[in-house]
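Structure first, commentary second.
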Amino acid sequence: MLCSTAGCQTDSTGTQIRLKSSVDRTEVPFNRQLTFSVEASWEGEQNRFSISPLIPPQCENFEILGSSSVNQTRMEQGKPISVKTFEFDLKPTQTGLGRIGSVQLSYVDNATQDSSSLSTQPTEVKITAPVSEKGAQYRTVLLICLLLILAYVIYSARRHRKRVEIDREWEEKKQAEKEEPLEERALRQLDAVAGEAEKGESGQFPSGIYKLLTGYLESKYQMVTTGKTTNDIVDALTRLQLPPEKVALIREALSACDLAKFAAERMEKARCQEMVSRVREFLEQNR
């Protein structure tokens with residue numbers, strides 16, 4: 001198997017995604033197919049990153065017949081490794097040298113909302129003259145192809161039904177969120193963030209509190225917080241004529257999150273509990 005591996009890229013939290021591409025053979029007869037695979041792997045759970053749909057590669061002397069993807073998790077040295085594999089079925093269009101272009105994988109860090117991308121290297125495969133087919137072998141291959149097509153149809157139908165169910169659940173969830181008071185939803189999110197801190201998982205606490213508060217402010221006051229500094233956000237709240245004590249609480253909370261994010265200042269459990277209490281008070285008073 002011929003592999004072409006992209007260099008690892010490190011995001012803001014220090015987590016790495018490793019990207020590699022491969023073909024199942026270095027030479028392929030004109031009347032055979034080739035499988036081109038792209039594999040992304042990282043340490044941690046599947047939901048650590050959101051992977052964008054992969055754009056098929058640009059090919060020379062190959063035609064893309066279909067594609068699929070699968071998620072897997074394996075253990076390496078006692079640590080969970082998440083793997084997302086994309087496969088493309090390629091058919092030669094003429095003999096000679098075939099070329100599979102680079103593929104770009106874009107992703108979002110769900111913890112920090114940072115986005116980035118990685119690319120594979122182009123791959124070359126030799127396309128040789130067609131091989132002869134014998135009657136019995138041809139019938140066997142035909143039967144296998146029919147079985148594979150049947151399996152793919154069943155798989156696609158199940159996948160479509162699952163997608164429909166997921167979309168329906170998502171719509172129901174979004175409708176319920178619209179009907180739920182904004183403060184109630186924010187308080188429920190606060191309970192989840194506080195629960196992680198109570199378990200001693202305080203590393204993500206500042207990011208969770210920051211996202212909760214900025215998301216609430218955007219929905220409540222129709223303001224933009226993305227790309228804004230804490231001072232910009234506080235100035236905007238002041239112009240909205242919020243009570244000074246509420247503005248001061250927001251400033252205190254966001255400033256503490258900034259220190260934890262950019263100065264690597266770790267929040268102790270007692271500090272996390274105090275901030276949860278202050279934010280809860282703000283949300284309950286702001287109903």
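The values are calculated or read from the model by the stated rules, or taken from the named source; none is laboratory data. Since the model is a prediction, treat every value here as computed from it, not as a measurement. Note that we place each Cβ from the backbone using ideal geometry, even for glycine, and neighbour counts take in every protein chain shown.
Annotations
- Being exposed (fewer than 14 other Cβ atoms within 10 Å of the Cβ), assigned by TED's automatic domain parsing to the domain that holds D114 and of a type in the set (D, E, K, R) is a property that E43 lacks.
- Only one entry in S156, S117 is surrounded by fewer than 12 Cβ atoms within 10 Å (Cβ to Cβ) and hydroxyl-bearing (S, T, Y), namely S156.
- Checked against (1) in a strand (DSSP E or B); (2) out of contact with any Pro (no Cβ under 8 Å at 6 or more places or on another chain), Q113 meets all criteria but (1).
- So S37, is it in a strand (DSSP E or B), out of contact with any Leu (no Cβ under 7 Å at 6 or more places or on another chain), at pLDDT 95 or above and not aromatic (F, W, Y): yes
- When the residues of segment 207-240 are filtered to those that are among the basic types (K, R) and over 19 Å from L283 (Cβ atoms), the one that is farthest from the chain's Cα centre (by Cα) is R239.
- So F282, is it in contact (Cβ under 8 Å) with a residue 60 or more places away in the chain and in contact with a helix residue (DSSP H, G or I) (Cβ under 7 Å, 6 or more places away or on another chain): no
- Long-range neighbours under 9 Å by Cβ, at least six apart or interchain, first residue closer than 30 Å to T214 by Cα within segment 113-133, second loosely packed, with under 15 Cβ neighbours inside 10 Å and of a type in the set (A, V, I, L, M, F, W, C): L118/C8
- T140 being without any contact (Cβ under 8 Å) to a residue 24 or more places away in the chain, farther than 30 Å from I17 by Cα and either of a type outside the set (K, R) or outside the structural domain of Y210 (by TED's automatic domain parsing) (or both): yes
- Qualifying residue in segment 73-82 (condition: assigned to a strand (DSSP E or B), of a type in the set (K, R) and at pLDDT 95 or above): no
- Condition check for E274: in the same structural domain as K211 (by TED's automatic domain parsing), without any contact (Cβ under 8 Å) to a residue 24 or more places away in the chain and either of a type in the set (D, E, K, R) or over 25 Å from R185 (Cβ atoms) (or both): yes
- Of the residues making up segment 162-207, just one is modelled with pLDDT of 75 or more and surrounded by fewer than 10 Cβ atoms within 10 Å (Cβ to Cβ), namely P181.
- Residue check for Q204: of a type in the set (S, T, N, Q), farther than 18 Å from E281 by Cβ and in the same structural domain as M275 (by TED's automatic domain parsing): yes
- Answer residue from segment 240-284, given it is outside any helix (DSSP H, G or I) and of a type in the set (A, V, I, L, M) and is surrounded by the most Cβ atoms within 10 Å (Cβ to Cβ) among those: M267
- Among (1) loosely packed, with under 14 Cβ neighbours inside 10 Å; (2) in contact (Cβ under 8 Å) with a residue 60 or more places away in the chain; (3) in contact with a Pro (Cβ under 7 Å, 6 or more places away or on another chain), the one test that N61 misses: (1)
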